[in-house]
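Everything on this sheet refers to the single structure shown next.
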Amino acid sequence: MTSSPTSRGIVRDALGIGIASGAYALSFGAIATTAGLSVVQTVALSVLMFTGASQFALVGVIGGGGSVWAGAATAMLLATRNAFYGVRLSSLLGVRGLWRVATAHFVIDETTAMAIARDIVPESSFAFWATGIAVFTLWNLGTLIGALATHALPNPKVLGFDAAPPAAFLALLAPRLRAREPMAIAILAAVVAMVFLPFVPAGIPLLIVAALVVLFGLFHLPAPRGGEWH
Amino acid sequence: MVWAGLLLASAGCYLLKLAGLSLPQQWLQNARIQRTVPLLPVALLAALIATLTFSAGHRLVLDVRAAALGVGAIAVLLRGPFLVSMSAAPPNFAPTESASERLSRSCGIAHAPFGIPIETERPTWLSVQPIRVG
């Protein structure tokens, strides 16, 4: 039974996260429009994809001259972590059947973090949905406003938002660099991407990096117990 | 053409989310997969930062974007004010601070079985108040 003070605390946290997402979405709307997407396309991305890092990656690749397909592949590769959030949440939220179809759309960093911070299932579920609804509403609203405001400008590039995705990615990346291995991988990935950049179409260096990560994981890391890898 | 790409990407991301919720847990609990997947965002974000900052078409260049990134890096390191701030934060942003503090604590103790640190994305541009994470 969720007590009232706990509910209020969860709602307050969810709203805080929602407001932060909304502010972030303003910049996404601006960046996507500057990269060349229409307002409708930008809002559709926020509604249908609804995962921030992937959305920024997609518009970042397009804005940098890559094809939408390279951007789509990068976005999906970044979204693999959401699959693992789902694994963690499936037992925590206790969703079954058709309800999973609706729940899946809201499996993102923020909702997962809020859900797993709770000890009991009713609270986890409440935290997940409170955060999910708050973020979905404010993220999309922010995207719409950011896109419309930028679209209204005669020359959006004057705002400099075409240079913004790297700074946004830096804020996403920095918390993940707390150990030597991630830091080494980040530096290596950056170097590999730049090495390939003059020789392959735009966006392809990212997919090369992803392929190398997968190969590294398959062949370099210790075999699982009982495994027969070489 | 662009629409097709956007819809495909959105469908792909949605299916990944659904897969986690729906597939039998054993399918995704392979140790190698669990140790590889957290590396993907790290590598991809780093590669994105590098290629978007230092490229002009097919050439590597050093221009004002690198300087902008440097300023952003300093801001991230100092966890201080961001590059662009809108007018003074209204008082009702106090909940944002406590929400982020709460989230950082829960991120500290929260351990997903796959060891992925879960952090909240925070705004860098157009932010209305510095938000501390971690």
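No value in this document is a laboratory result; all are computed from the given coordinates. Since the structure is predicted, the reported quantities are computational estimates derived from the model, not experimental observations. Virtual Cβ from ideal backbone geometry, glycine too; neighbours counted across all protein chains shown.
Couple of notes before you dig in:
- Derived scalar couplings between HN and Hα for segment B:41-57 equal x, 4, 5, 5, 5, 5, 5, 4, 4, 5, 5, 6, 8, 10, 10, 9, x Hz in order, rounded to whole Hz, by the Karplus curve 6.51 cos²θ - 1.76 cosθ + 1.60 (θ = phi - 60°), x for Gly and Pro.
- Highest-MSF residue in chain A out of A:37, A:89, A:218 [GNM, Cα springs under 10 Å]: A:218
- Using a simple spin-label model with pseudo-atoms 7 Å out from Cα toward Cβ, residue A:11 and residue B:11 lie 4.0 nm apart.
- Cα shape, segment B:37-78, gyration tensor, a/c 1.5 rule: oblate
- Phi-derived couplings, Karplus 6.51 cos²θ - 1.76 cosθ + 1.60 at θ = phi - 60°, listed residue by residue for segment A:201-207: x, 4, x, 5, x, 5, 6 Hz, with x used for Gly and Pro.
- FRET efficiency for residue B:4 and residue A:181, using Cβ-Cβ distance with R0 set to 30 Å, rounded to 0.05: 0.20
- For residue A:79, distant residues with modelled amide H under 5 Å away: none
- Dimensionless Rg/Rh of chain A - Kirkwood Rh, Rg from C-alpha atoms: 1.01
- Estimated from helical segments only, the mean residue ellipticity of chain A at 222 nm is -24000 deg cm²/dmol, where each DSSP H run of four or more residues counts as -39500 (n - 2.57).
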